[in-house]
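Report on one structure; see the data block that follows.
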Amino acid sequence: MRQDAVRGHLDGLLLAVLEPAPLHGYAIITAVQQRSGGALELRTGTIYPALNRLERIGLLRSTWESEGGRKRRCYALTEAGARFLADERTAWQDFTAAIGSVLNPVAPHPHGQGA
């Protein structure tokens with residue numbers, strides 16, 4: 001899938017994979033790839049600026065955690081992030097319904113309007 005297809009939806013994707021539990025950057029990339037069946041492959045150069053921005057605006061918080069003697073920054077959803085994600089889901093459903101109704105119109109009833 002084209003990388004630009006993700007543009008405009010990156011925040012929602014990142015927040016959605018962080019909804020169940022905090023994750024570090026590589027685990028976020030892996031989660032998006034797994035959830036999308038391999039169709040979406042995010043790059044570190046794409047997600048880290050986005051994670052930093054989402055933290056700066058209060059949708060995420062981060063902590064440093066040690067894993068196998070290695071320090072990693074783990075990101076978690078804030079309450080504001082959870083509300084934003086709920087709004088993103090609603091907007092996505094509205095968007096896909098509108099696009100779907102144009103790309104895949106329901107065939108008109110054979111006897112005109114109504115039934």
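The values are calculated or read from the model by the stated rules, or taken from the named source; none is laboratory data. Treat the numbers as computed from the prediction; the structure is a model and nothing was measured. Here the Cβ positions follow ideal geometry from the backbone for every residue, glycine too, while neighbour counts run over all protein chains shown. The accessibility values were calculated without ligands, DNA or RNA, using every heavy atom of the protein model including side chains. Shrake-Rupley method; radii C 1.70, N 1.55, O 1.52, S 1.80 Å.
Here are a few things to note about the model shown:
- Picking from residues in the stretch 22-43 that are in contact (Cβ under 8 Å) with a residue 40 or more places away in the chain and of a type in the set (A, V, I, L, M), the one that is least open to solvent (accessible area, probe 1.4 Å) is ILE28.
- Among residues of the stretch 80-94 being of a type in the set (Asp, Glu) and free of Cβ contacts under 8 Å to residues at least 24 places away in the same chain, the one that is farthest from ARG53 (Cα to Cα) is ASP94.
- Residues in the stretch 52-63 that are in a strand (DSSP E or B), open to solvent by 30 Å² or more (accessible area, probe 1.4 Å) and within 20 Å of GLU88 (Cα to Cα): ARG61 alone.
- Residue in the stretch 85-93 that is part of a helix (DSSP H, G or I), of a type in the set (Gly, Ala, Ser) and surrounded by 16 or more Cβ atoms within 10 Å (Cβ to Cβ) present: no
Okay, residues lined up against (1) closer than 22 Å to ASP87 by Cβ; (2) of a type in the set (Lys, Arg); (3) not in a strand (DSSP E or B):
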| position | (1), (2), (3) |
| --- | --- |
| PRO20 | yes, no, yes |
| ALA27 | no, no, yes |
| GLN33 | no, no, yes |
| ALA39 | no, no, yes |
| ALA50 | yes, no, yes |
| GLU65 | no, no, no |
